[in-house]
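Peer 1: Please find one structure pasted underneath; my questions will follow.
The values are calculated or read from the model by the stated rules, or taken from the named source; none is laboratory data. Remember, predicted model here, so these are calculated numbers, not experimental data. FYI the Cβ positions are ideal-geometry reconstructions off the backbone, even for glycines, and counts take in every protein chain you see. Ligands, DNA and RNA are excluded from the accessible area calculation, which covers all protein heavy atoms including side chains. Shrake-Rupley method; radii C 1.70, N 1.55, O 1.52, S 1.80 Å.
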Amino acid sequence: MYITCLDLEGVLVPEIWIAFAEASGIPELKRTTRDEPDYDKLMKWRLGILKEHGLGLKEIQETIAKIDPIPGAKEFLDELRSICQVIIISDTFTQFATPLMKKLGWPTIFCNSLEVAPNGEITGFKMRCPQSKLTTVKALQSIGYETVASGDSHNDLAMIRASKAGFLFKSTDKIKADNPDLPAFEDYSELLAAIKKVIL
């Protein structure tokens, strides 16, 4: 029994924080997990910038409403879900992900949640569990599933390496160069073929 575990941002939808950095005119917010391996540090830094600029959940959600999945992502997901179970494991937050899940046909997603004050200020964040991607993959394996995993960032490497098969997808040149043993794809048809080879 296989479950495919996919990252969300950069793999199925554009990076939310990059889109918001462009919409808000705050270039520092373009920093993502491709640049900063420590997610806790990255999020605390982001929340500091939001506070400094007086921006909250409403402004980010307005940007997210305009984001569409990467062309081909929904078709890829639909086909993949017809041959195996798929779980999106993301370090994003339910308050960000829900509109994007609607556009992707409501796949299953495991993610985190934001702490939001009544005035809309994001005051903190609650991670589902430590090292959520690796922990989830190991938990799935502990109940009898083989996992296949794919992602694009530093925080995906542990789940990719812990899985029976793992692939980089639309990753950076640096991450690909640092992990030469991991197959890397840019195209959904290539990724789908690689996953099918493992599970079928």
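Peer 1: With both bridge residues required to lie in the chain, what share of the DSSP beta bridges run antiparallel, to the nearest 5%?
Peer 2: 15 percent
Peer 1: Specify the residue with the greatest mean-square fluctuation among GLU190, GLU52, GLU79, computed from a Gaussian network of the chain linking alpha-carbon atoms under 10 Å apart.
Peer 2: For the chain, modelled as a Gaussian network with Cα springs under 10 Å, the answer is GLU52.
Peer 1: Please compute the per residue accessible area over segment 45-200 with all protein chains in place, 1.4 Å probe, rounded to a whole number of Å².
Peer 2: Per residue, segment 45-200 has an accessible area of 49 Å².
Peer 1: Now a separate question. Tell me, what % of the accessible area of the chain is carbon and sulfur with a 1.4 angstrom probe?
Peer 2: Looking at the chain in its full context, I get 54 percent from C and S.
Peer 1: Between GLU79 and LYS138, what length comes free when the chain is fully extended (0.36 nm per residue of separation minus the Cα-Cα distance, one decimal in nm)?
Peer 2: Extending this stretch completely gives an extra 18.7 nm.
Peer 1: I would also like to ask the following. Using only alpha carbon pairs under 8 Å that are at least six residues apart, calculate the relative contact order of segment 8-72 and give it in whole percent.
Peer 2: 44 percent
Peer 1: On to the next question. Less than 10 Å Cβ to Cβ from ASP7, Lys/Arg counted +1 and Asp/Glu -1: what total charge do the surrounding residues give?
Peer 2: -2
Peer 1: With a sphere of radius 13 Å drawn around the Cβ of ASP187, what net charge do the other residues whose Cβ falls strictly inside it have (Lys, Arg +1; Asp, Glu -1)?
Peer 2: Charge balance in the 13 Å sphere: -2.
Peer 1: List the relative contact order of the chain as a percent without decimals, with contacts defined as Cα pairs under 8 Å and 6+ residues apart.
Peer 2: Relative contact order here is 25 percent.
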